[in-house]
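Note sheet for the following structure.
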Amino acid sequence: MTHSVGIAIAFTFLMATGSVMGQTVSCKVMDPELQGSYAGGCKDGLAEGHGTASGSARYEGDFKAGRKDGTGIKTWPSGDRYEGDFVADRKQGRGTYTWGRNSAWAGQKYSGDYVADQRHGNGTYEWPGGDRYSGPWENDVMTGPATPAMMARVRANAERRVAVGKPGTRVCRDFLVGTVTRDRVRGTVASVKADLLAIQIDDPGHFPHIVGDTKVAKGVTISDNIMAWTPCF
């Protein structure tokens with residue numbers, strides 16, 4: 001074997017394993033939330049095998065032809081976290097999704113079946129207060145009998161929607177800073193969709209806050225759970 005042939009074989013091997021002289025070869029990842037960086041297996045210019053990718057979100061797990069495929073963990077700046085099965089970039093199979101502290105549904109969790117990114121099959125949904133629903137799901141909707149606490153939440157949501165669910169309503173939300181300090185954020189309802197309010201921030205408070213993946217700042221419009229806000233006069 002000549003020296004040049006040996007170098008060519010070595011380079012081919014390094015390309016197949018995803019690195020050249022300690023540097024990760026550029027491999028395409030399809031998920032638009034993972035366009036920042038990638039390290040891991042590579043095949044034909046696409047992420048393959050086990051790898052880690054990051055962008056506006058972060059993922060560590062299995063890839064196939066550039067897509068999340070197999071098992072993995074994906075996290076978002078809001079603190080949301082999904083751990084489980086993926087097929088062709090979608091949540092499919094069994095998995096657990098936990099909503100993070102900056103999410104509109106902070107502290108809530110679902111564990112169960114997924115089909116094409118939707119909760120479908122059997123699964124358990126848990127609320128921070130201890131209530132839980134275990135049963136069938138169809139196309140992201142619970143289809144089994146509601147628990148008493150679920151019924152109470154429906155009534156509370158309806159009452160809150162009357163109180164704050166109208167564009168132009170001035171609303172407030174108190175954020176806990178540390179263990180005892182509360183910081184009040186004020187805004188104006190821009191629109192209402194299901195259980196979510198679009199709120200234009202008038203006063204961001206005295207401390208930095210993040211809602212979902214959005215930094216709270218004067219003039220910014222955020223999307224948040226209707227139950228997190230109260231009328232503000």
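The values are calculated or read from the model by the stated rules, or taken from the named source; none is laboratory data. Fair warning: this is a prediction, and the values are worked out from it, not measured in the lab. Neighbour counts are summed over all protein chains in view; Cβ atoms, including those assigned to glycine, are modelled from backbone coordinates with ideal geometry.
Within the stretch 151-184, being touching a Phe, Trp or Tyr at 6+ places or on another chain (Cβ under 6 Å) and either outside the structural domain of LEU197 (by TED's automatic domain parsing) or under 13 Å from MET227 (Cα atoms) (or both) holds for VAL164, VAL171, ARG173.
No other residue among ASP113, ASP85, ASP80 is of a type in the set (Asp, Glu), surrounded by 17 or more Cβ atoms within 10 Å (Cβ to Cβ), closer than 30 Å to GLY49 by Cβ and in contact with a Phe, Trp or Tyr (Cβ under 6 Å, 6 or more places away or on another chain) apart from ASP80.
In the stretch 56-77, how many are among the hydrophobic types (A, V, I, L, M, F, W, C), crowded, with 18+ Cβ neighbours inside 10 Å and farther than 12 Å from GLU33 by Cβ? Write out each step before concluding.
Residues of the stretch 56-77 that are among the hydrophobic types (A, V, I, L, M, F, W, C), as a first pass: 57, 63, 65, 73, 76.
Filter again for crowded, with 18+ Cβ neighbours inside 10 Å, leaving 57, 63, 76.
When the remaining residues are screened for being farther than 12 Å from GLU33 by Cβ, the result is 63.
Count: 1.
In the stretch 205-223, the count of residues that are under 30 Å from ASN122 (Cα atoms), touching a Leu at 6+ places or on another chain (Cβ under 6 Å) and surrounded by 12 or more Cβ atoms within 10 Å (Cβ to Cβ) is one or more.
Among ALA158, ALA149, ALA163, which is closer than 26 Å to ASP131 by Cβ, in contact with a Gly (Cβ under 8 Å, 6 or more places away or on another chain) and assigned to a helix (DSSP H, G or I)? That would be ALA149, the only listed residue that is closer than 26 Å to ASP131 by Cβ, in contact with a Gly (Cβ under 8 Å, 6 or more places away or on another chain) and assigned to a helix (DSSP H, G or I). Each residue in the stretch 171-195 was checked for being in contact with an Asp or Glu (Cβ under 8 Å, 6 or more places away or on another chain) and touching a residue at least 12 places away in the same chain (Cβ under 8 Å), and 9 pass. For the stretch 96-110, a residue qualifies if it is assigned to a strand (DSSP E or B), surrounded by 17 or more Cβ atoms within 10 Å (Cβ to Cβ) and either among the polar types (S, T, N, Q) or in contact with a Cys (Cβ under 9 Å, 6 or more places away or on another chain) (or both), and exactly one does: THR98. For ALA146, state whether it is farther than 22 Å from GLY212 by Cβ, touching a helix residue (DSSP H, G or I) at 6+ places or on another chain (Cβ under 8 Å) and either in the same structural domain as SER223 (by TED's automatic domain parsing) or hydrophobic (A, V, I, L, M, F, W, C) (or both). When the stated conditions are applied, ALA146 passes them. For the stretch 196-229, a residue qualifies if it is in contact (Cβ under 8 Å) with a residue 60 or more places away in the chain and of a type in the set (D, E, K, R), and the qualifying residues are ASP213, ASP224. Can we say ARG161 is over 24 Å from GLY79 (Cβ atoms), modelled with pLDDT under 90 and not polar (S, T, N, Q)? Against the criterion (over 24 Å from GLY79 (Cβ atoms), modelled with pLDDT under 90 and not polar (S, T, N, Q)), ARG161 qualifies.
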